[in-house]
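A.B. asks: Below is a structure I'd like to ask you about.
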Amino acid sequence: MLKLADIETRYGEIVALKDVSLHVEEGEIVVLLGSNGAGKTTTLKTISGLIHPIKGTIQFMGKRIEGMDAEQIAKLGIIHVPEGRKIFPGLTVRENLQLGTSNRKASRREIQQGIDEVIAIFPDLERLLDQLGWSLSGGQQQMCAIGRGLMAKPKLLMLDEPSLGLAPVIVRNMFQTIRKINQQGTTVLLVEQNARQSLAISHRGYILETGRIVLQNQAVELLYDEQVKEAYLGSAKLAGEGKARR
Ligand code: ATP
């Protein structure tokens, strides 16, 4: 479905991604793991057209997309839910959700249908529909942000650190919900620092270090890989999983 080949992305002189090749097949959850600054967010931004690579190719459902702008890419069905949620504080949950349909022409009936589908995934959002964005808790904001992504009817949903800054019990629910979204037919590319729980719901994973893919495998294999255990599943890393929201 999605194939990156030899991608290089720079911020001026800084090389953020070097020779990154990865693929996501239809129906999968694929996780991209790595420490702070490894290039995970840059990978998602490069796919969604927010930054253009200076080298390499990106194919989505057989089409070359590395030269397209973000709006065109969203129209093809690649939806990026950014880190930090970015919901509009002065708009209600309903209005935030409605904005998710801006990549497609949706009638009022289709919008309502979309909202009903989001509520079926996140039942807690129903009572919050008329509440303003600023008044939501972190977990509620994350539901709203992912819900807005689902309103676009994504073929590929890209989630950047959905667990960041959430309480442990909410994190568990969040991962279960991502699994449910996937089981209902949406392919997911996930960026996470929470290696254990993200690998537990993923089919495959990639490890990024300073802009390069250093390891890739089935998620169960990565969970038991000594290198991964040491770097990402050790006690020090687990303590870091509660990293505060920036
Ligand atoms: P984090 O978990 O902290 O978000 P990440 O793995 O997502 O980390 P990126 O945000 O993709 O990492 O950053 C990759 C590299 O690119 C880092 O060295 C970072 O400092 C650099 N970088 C990111 N954004 C910019 C920018 N706008 N301008 C210059 N350098 C940047």
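The values are calculated or read from the model by the stated rules, or taken from the named source; none is laboratory data. Source: prediction; values computed, not measured. Neighbour counts run over all protein chains shown; Cβ positions are idealised from the backbone, glycine included. In case anyone asks, the SASA skips ligands and DNA or RNA and just uses the protein heavy atoms, side chains included. Shrake-Rupley method; radii C 1.70, N 1.55, O 1.52, S 1.80 Å.
A.B. asks: Pick from V118, V220: which is open to solvent by less than 10 Å² (accessible area, probe 1.4 Å) and either away from the ligand (no atom under 16 Å from the Cβ) or outside any strand (DSSP E or B) (or both)?
C.D. replies: The unique qualifying residue is V118.
A.B. asks: Sort out which residues of the stretch 84-105 are open to solvent by less than 40 Å² (accessible area, probe 1.4 Å) and either closer than 15 Å to L44 by Cβ or part of a helix (DSSP H, G or I) (or both), and write them in order of number.
C.D. replies: Within the stretch 84-105, G84, R85, V93, N96, L97, G100, T101, N103 meet the criteria.
Matching residues to (1) modelled with pLDDT under 95; (2) more than 16 Å from the ligand (Cβ to nearest atom); (3) over 24 Å from I121 (Cβ atoms); (4) surrounded by fewer than 23 Cβ atoms within 10 Å (Cβ to Cβ):
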residue	(1), (2), (3), (4)
R179	no, yes, no, yes
L189	no, no, no, no
E192	yes, no, no, no
A195	yes, no, yes, no
R204	no, yes, no, yes
I213	no, no, yes, yes
Y224	yes, yes, yes, yes
Q227	yes, yes, yes, yes
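A.B. asks: Of all residues in the stretch 105-121, count the ones that are among the polar types (S, T, N, Q) and within 19 Å of G77 (Cα to Cα).
C.D. replies: 2
A.B. asks: Return the residues of the stretch 105-147 that are within 25 Å of L33 (Cβ to Cβ) and touching a strand residue (DSSP E or B) at 6+ places or on another chain (Cβ under 9 Å); say none if nothing qualifies.
C.D. replies: Once the filter is applied, which keeps residues that are within 25 Å of L33 (Cβ to Cβ) and touching a strand residue (DSSP E or B) at 6+ places or on another chain (Cβ under 9 Å), the stretch 105-147 yields Q142, A145, I146.
A.B. asks: Just a yes or no: is a residue in the stretch 22-36 under 18 Å from the mean Cα position of the chain (by Cα), of a type outside the set (D, E), open to solvent by 20 Å² or more (accessible area, probe 1.4 Å) and more than 25 Å from Q197 (Cα to Cα)?
C.D. replies: Looking through the stretch 22-36, none of the residues is under 18 Å from the mean Cα position of the chain (by Cα), of a type outside the set (D, E), open to solvent by 20 Å² or more (accessible area, probe 1.4 Å) and more than 25 Å from Q197 (Cα to Cα).
A.B. asks: Just name the residue that is most open to solvent (accessible area, probe 1.4 Å) out of those in the stretch 55-75 that are outside any strand (DSSP E or B) and touching a strand residue (DSSP E or B) at 6+ places or on another chain (Cβ under 6 Å).
C.D. replies: Restricting to residues being outside any strand (DSSP E or B) and touching a strand residue (DSSP E or B) at 6+ places or on another chain (Cβ under 6 Å), the top hit is E66.
A.B. asks: On to the next question. Just one of G49, G12 is surrounded by fewer than 17 Cβ atoms within 10 Å (Cβ to Cβ) and within 16 Å of the ligand (Cβ to nearest atom); which is it?
C.D. replies: It is G12.
A.B. asks: Kindly indicate whether H52 is assigned to a strand (DSSP E or B) and in contact (Cβ under 8 Å) with a residue 12 or more places away in the chain.
C.D. replies: When the stated conditions are applied, H52 does not pass them.
A.B. asks: Examine the stretch 68-75 for a residue that is in the same structural domain as V24 (by TED's automatic domain parsing) and within 16 Å of D6 (Cβ to Cβ), and state whether such a residue exists.
C.D. replies: No, the stretch 68-75 contains no residue that is in the same structural domain as V24 (by TED's automatic domain parsing) and within 16 Å of D6 (Cβ to Cβ).
A.B. asks: Here's a follow-up. Only residues that are among the small types (G, A, S) and within 16 Å of the ligand (Cβ to nearest atom): list them for the stretch 25-46, please.
C.D. replies: Passing the criteria: G34, S35, G37, A38, G39.
A.B. asks: On to the next question. Which pairs turn up if I take residues in the stretch 178-204 that are closer than 19 Å to K3 by Cα and touching a residue at least 60 places away in the same chain (Cβ under 8 Å) and look for partners that are buried (at least 21 other Cβ atoms within 10 Å of the Cβ) and among the polar types (S, T, N, Q) with beta carbon separation below 6 Å, at least 6 apart in sequence or on another chain?
C.D. replies: L190/S198
A.B. asks: Name every residue in the stretch 146-173 that is of a type in the set (S, T, N, Q) and not in a loop (DSSP other than H, G, I, E, B), in order of residue number.
C.D. replies: Scanning the stretch 146-173 gives a single hit, N173.
A.B. asks: Go through (1) assigned by TED's automatic domain parsing to the domain that holds S48; (2) closer than 23 Å to N103 by Cα and name the single condition K180 misses.
C.D. replies: Unmet for K180, out of (1) assigned by TED's automatic domain parsing to the domain that holds S48; (2) closer than 23 Å to N103 by Cα: (2).
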